[in-house]
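Each remark here refers to the structure printed beneath this line.
None of the figures in this text is laboratory data; all of them are computed from the coordinates on show. Quick caveat: nothing in here was measured; it's all calculated off a predicted structure. Please note: Cβ atoms are built from the backbone with ideal geometry, for glycine as well, and neighbour counts cover all protein chains shown.
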């Protein structure tokens, strides 16, 4: 923001530079305008009043401490309608000085009666200042003006203004059937699509069941309650849509798990396995285990996730997947084995961390070794701190261990952790002397000398006065 303030102060006569600067200012978020005002005040000499030769000098004048200077800047923008001027007028419409505030409000009210492309970029700023004590006058008037703006022109407005415009027009019945359906199908803002689908007539909902928006698909299912649509949505890629479909089928007296079992085959969709885990039980684990060796990695990963969700599956089945060629499968297998980490063989984990293993397999071995306990987590992080792939994570974990776990990592007195001394000798170069000293203390490798305490003159004086008073008493 400092750089933008200096650009405003030092802008030259180049038209392209001035146009780019204007576009950058108009596109600022509402929360950035007060920050820019502070930066402009700091960048401009307080004893110099800027000459109102152009809109950039008037912008600087509009944020200075002198109310008379700000009022003259408001008058400058009132006679020269522009998108940047609308932003300045919106900011000054919440000014703490009555004269500045009233003049800015009157000028902005005139803009609301003109072309929408001038004041639309500043509408978000108006609503962003609504929480200010003097910022409540303008938002209702902008909300009324937004209700009259054509839908095609709302592309010039910010996100919040577009949502308010759609909500106001829908509430007042100002959107036609075609406009509502277009908003549901094509609008990039998910909240606008949600507002539009809530206002669509029930007869038009069936054609929206395959919309790209998750909220729209769920709303169509919830509002129609159609069993045929719910059956088709059982294999939706989103869990929320699947759960809505499952609820509809249960209400119709059907068992969603039975439908998922019938959908299993040589090459089912991954959503079938996930849906069976959401609706089935431990008895379905045998159906899912068969997909742990499927040729498709997505199905292998989905099978591990489903078994983990059902709290089923054997440890040996998951161990076999730790060396899978696909990182997604290894990640799911690692998550399934984390709670069994203390029971795993140390030799197996050392093998997974071997140099010949690919990075995603070594990461699995690292996570499983760290899950064995507080001290194993520190030791494996120190051992892999110089590893090209795992090193950055390992170093962060050592610092995190000191910050979060060291205080509860108790050891019997005189019993240091085996192997820690050699690892700390090599870690001091990247860990630093202070953290290394703390680690040695927690590992029972030496005493942690307290840092020197600086005593201020005031505290020394108070102690001297207390000492004298005790002796005199």
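Annotations
- Projection of the Cα convex hull of region 214-316, averaged over all directions and equal to a quarter of that hull's surface, yields 6.4 nm².
- Diffusion coefficient (Stokes-Einstein, Kirkwood radius over C-alpha pairs, 37 °C, 0.692 mPa s) for region 308-378: 272 µm²/s, rounded to a whole number.
- Note on region 33-122: the C-alpha convex hull projects to 5.2 nm² when averaged across all orientations.
- Translational diffusion of region 371-446 was estimated from the Stokes-Einstein equation, with Rh taken as the Kirkwood radius over Cα pairs; at 37 °C and 0.692 mPa s the coefficient is 266 µm²/s.
- Ellipticity at 222 nm from helices only: DSSP H runs of n ≥ 4 in the chain, each -39500 (n - 2.57), divided by the residue count, give -18000 deg cm²/dmol.
- Dimensions in Å of region 78-141 - Rg and Dmax from alpha carbons: 10.4, 29
- Among 323, 334, sorting on how many other beta-carbon atoms sit within 10 Å of each Cβ, with the fewest leading, yields 323, 334.
- By the Cα gyration tensor, the chain has an equivalent ellipsoid whose semi-axes, rounded to whole angstrom, run 54, 46, 20 from largest to smallest.
- Computed from the alpha carbon positions, the gyration tensor of region 79-218 leads to an equivalent ellipsoid with semi-axes of 34, 14, 12 Å, biggest first.
- Region 1-174: C-alpha gyration tensor shape, a/c 1.5 cut-off, then a/b vs b/c: prolate
- Relative counts (whole %) of C-alpha pair distances in region 140-265, using bins that are 5 Å wide: 2, 11, 21, 18, 14, 11, 9, 6, 4, 3, 1, 0, 0
- Peptides 385-394, 138-147 ranked from most to least packed by the mean count of surrounding Cβ atoms within 10 Å: 138-147, 385-394.
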